[in-house]
Amino acid sequence: MKKVIGNIVGRSVLYLALVVGFVSATRAQNDAEKLYKAKCIGCHAADGSANTKAGRNTGAHDLRLPDVQKETDATLIGIVTKGKKKMPKFEEKLKAKEIKELVEYVRGFSNKP
């Protein structure tokens, strides 16, 4: 009987941990999506294609392309933080954690056509 209760408790703890992890990951993705929409969509478009007037005028990169996706997280974080060419720097506008979450969000564009 104790073994059965132990198994039930163990499974319950595991399920709870999975649910909490899923909710946390979903919240982080939602926060990153909000940041992307607020700070990036004007140049990089909703799908990361940079197919916007501002994107074309500034030469914004298509975030879906392999040459962007192959960059290390550190490189992309550096670009968002310090800016590059016509891309503005965000080091004074976003926290380091927010920039990291944006880079993780941008990684999701590689799976989309």
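A few points about this structure:
- Sequence-distant residues sharing a close amide H with Asp62 (under 5 Å, placed H): none
- Those trypsin sites (Lys or Arg not before Pro) in segment 62-91 that DSSP places in a loop and that have at most 12 other beta carbons within 10 Å: Lys70, Lys85, Lys86
- Going from the fewest other Cβ atoms within 10 Å to the most, the residues Glu92, Glu101, Glu33 appear in the order Glu92, Glu33, Glu101.
- Here the Karplus relation 6.51 cos²θ - 1.76 cosθ + 1.60, evaluated at θ = phi - 60°, turns the backbone of segment 58-67 into coupling constants of 9, x, 4, 7, 6, 6, 7, 6, x, 5 Hz, with x for every Gly and Pro.
Values quoted throughout were computed directly from the atomic coordinates according to the rules given, and no laboratory measurement underlies them. The structure presented is a predicted model; accordingly, all values stated were derived computationally and were not measured. Glycine gets a Cβ as well: all are built from the backbone with ideal geometry, and neighbour counts include every protein chain shown.
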